Amino acid sequence: MIRNARAADVNAIAALHVRARATYYERRAPEETYAGDLAQARAREAWSRAVARTAPEGEVLATARDGEVTGVAAFRNADGETTLTQFHVDPDHWRRGTGAALHEACLDAWRRAGIERVRLEVFEHNLRAQAFYAAHGWEPEPSSGRSGSHLTLRLRVPAVPAVSGE
């Protein structure tokens, strides 16, 4: 099930966020930036703000299975641009279709809002995420492909595919 995240989800989302980030930051960034109580508190605060946004500002979508949050995506609309700010699947749920379903839910939300292009930044060493995004149509930003240790990707939101037989 995919739905808009609620305030009651924030602790679970923050914990998922910290677990997922540890998989790609470990040995590549100082541990305090992605693990421990301080990282957990920062994640809770950031996700609380994101979940509290109003729809025109952006959305937070969560996937749940058996009552457990298994994935989360957040996007923000600001200054005429939409940015996928966070996209995480709990490592225990990788390769089960959670990310693909969550990505499709983001596409649906962007189509409903009339959004045609979206950007994101992905950690340069997170090859798993880069492969996922490439498989879903994201391409490197030609004019500003880097932001520090992150690569900037763009997606042209595809139109809804026609249903055969119509």
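Quick note: the coordinates plus some simple rules give every number you see, no bench work behind them. Everything numeric in this text was worked out from a predicted model, so none of it was measured. Note: ideal-geometry Cβ built from the backbone for every residue, glycine included; neighbour counts use all protein chains shown.
Basic side chains Lys and Arg get +1 at the Cβ, acidic Asp and Glu get -1 at the Cβ, and with that the dipole of segment 2-156 about its Cα centre reaches some 200 debye. Length available on full extension from residue 100 to residue 55: 0.36 nm per residue minus the Cα-Cα distance, which gives 14.0 nm.
Each label point was placed 7 Å from the Cα along the Cα-to-Cβ direction; for residue 134 and residue 8 their separation is 4.2 nm. For segment 77-129, just say rounded, prolate or oblate: build the C-alpha gyration tensor, square-root its eigenvalues into a ≥ b ≥ c, call rounded for a/c under 1.5, and beyond that prolate if a/b exceeds b/c, oblate if not. Because a/c hits 1.5 or more and a/b fails to exceed b/c, segment 77-129 counts as oblate.
FRET efficiency for the pair residue 41 and residue 159, taken as 1/(1 + (r/R0)^6) with r the Cβ-Cβ distance and R0 = 41 Å, rounds to 0.50.
Take the alpha carbon gyration tensor of segment 99-146, find the square roots of its eigenvalues, order them as a ≥ b ≥ c, and report rounded if a/c is under 1.5; if not, report prolate when a/b exceeds b/c, else oblate. In terms of gyration-tensor shape, oblate. The calculated FRET efficiency for residue 19 paired with residue 79, based on their beta-carbon distance and R0 = 30 Å, is about 0.40.
A crude spin-label estimate for the pair residue 92 and residue 64, with each label 7 Å from Cα along the Cβ direction, gives 1.7 nm.
Nearest 5 is fine: what % of DSSP beta bridges in the chain come out antiparallel, could you say?
90
Helical runs (DSSP H, four residues minimum) scored at -39500 (n - 2.57) apiece and divided by the length of the chain put the mean residue ellipticity at 222 nm at -11000 deg cm²/dmol.
Checking the a/c ratio against 1.5 first, then a/b against b/c, what shape does the Cα gyration tensor give for segment 2-156? Rounded is the answer for segment 2-156, as its axis ratio a/c remains below 1.5. If you plug the beta carbon distance of residue 116 and residue 48 into 1/(1 + (r/R0)^6) with R0 = 35 Å, you get a FRET efficiency near 0.75.
Among the chymotrypsin sites (Phe, Trp or Tyr not before Pro) within segment 53-115, those in coil by DSSP and having at most 16 neighbouring Cβ atoms inside 10 Å are 94.
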